[in-house]
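K.L.:
Before I ask anything, here is the structure I am working with.
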Amino acid sequence: MEQPAGPGEAPMAAIAKFVTPPVKPVSLDEIDIRLLTALQEDSRRSQRAVAREVGLSAPAIGDRIARLERLGVIQAYTIRIGWAEAGHPMVAHLSLSVAAGADLSAIIDGLREIPELIAAHVVTGQWDVLARFRLADQLALQNLLLAKIWQIPGIQRVETNLELVVANGAIPLHGLAATESHK
């Protein structure tokens, strides 16, 4: 565990280890966008089926997919889990306030050790960290707060919100085509 920031050290400096360096955006054409849209809808479909939808040959689609993977645009092929069916229907959103001078890096490390963590975001505004957790029930929430969250040194205040409904929107890919800001 890292030491808290000492005199003259910036308390937020320790979170630099979590920051992803900026990358140069890749130039995408309309075919790339149509390809990504098709894969986003169903990443398990065959290259032949995607080729028919996009209007290219299967080998051309394979080449484009390989290029997009190599450039980091396509980073993973994944599944969507039915969390309620898997016995973990509850999502808790925790807004965390960190005590002045606390080691934010150590707090993030502590959160990352909690298996129920979906994501933790260091943010600006009233709160310092917003974290989401996937839980089975009220008892799991109680255990999360009492045995895990409140045991992390430096967490000063916690506000808990339970997710009632998720209104997912499609991630718009049409805006990814090359623009002046990406050139």
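Throughout, read-outs are computed from the coordinates displayed, never taken from laboratory work. Predicted, not measured: the structure shown is a model, and the values here were computed from it. All Cβ positions, glycine included, derive from the backbone under ideal geometry; neighbour counts span all protein chains shown.
K.L.:
Each label point is 7 Å from the Cα along the Cα-to-Cβ direction; what then is the distance between the points at Ile79 and Leu117, in nm?
P.N.:
Here the answer is 2.5 nm between the modelled labels.
K.L.:
If you don't mind, another one. Taking a virtual spin label 7 Å from the Cα of Ser46 along the C-beta vector, which residues in the range 59-80 bring their backbone nitrogen under 19 Å of it?
P.N.:
Only 59-66 pass the distance filter.
K.L.:
At a Förster distance of 25 Å, what's the computed FRET efficiency of Arg157 paired with Thr124, Cβ-Cβ distance as r, to 0.05?
P.N.:
0.90
K.L.:
Run through all the Cα pairs of the range 30-79 and give the fraction in each 5 Å bin from 0, expressed as whole percent.
P.N.:
5, 23, 37, 26, 9, 0
K.L.:
Here's something else I'd like to know. For the chain, what does the helix formula give at 222 nm: sum of -39500 (n - 2.57) over DSSP H segments with n ≥ 4, over the residue count, nearest 500 deg cm²/dmol?
P.N.:
Rounded to the nearest 500, the figure is -7500 deg cm²/dmol.
K.L.:
Now a separate question. Mind sorting out which of (1) 1, 6, 12, 14, 12, 12, 13, 12, 9, 5, 2, 1, 0; (2) 1, 8, 13, 16, 16, 13, 10, 8, 6, 4, 3, 2, 1, 0, 0; (3) 1, 8, 18, 21, 21, 16, 8, 4, 1, 0 is the real P(r) over Cα pairs in 5 Å bins from 0, in percent computed from the coordinates?
P.N.:
Given (1) 1, 6, 12, 14, 12, 12, 13, 12, 9, 5, 2, 1, 0; (2) 1, 8, 13, 16, 16, 13, 10, 8, 6, 4, 3, 2, 1, 0, 0; (3) 1, 8, 18, 21, 21, 16, 8, 4, 1, 0, the calculated one carries the label (1).
K.L.:
Which length gain, in nm to one decimal place, applies between Ala66 and Ala147 when the Cα-Cα distance is subtracted from 0.36 nm times their residue separation?
P.N.:
Numbers: separation 81, 0.36 × 81 = 29.16 nm, distance 4.53 nm.
My answer for the length gained is 24.6 nm.
K.L.:
With a point put 7 Å past each Cα toward its Cβ, work out how far Asp137 is from Asp29 in nm, to one decimal.
P.N.:
The answer from the label model is 5.7 nm.
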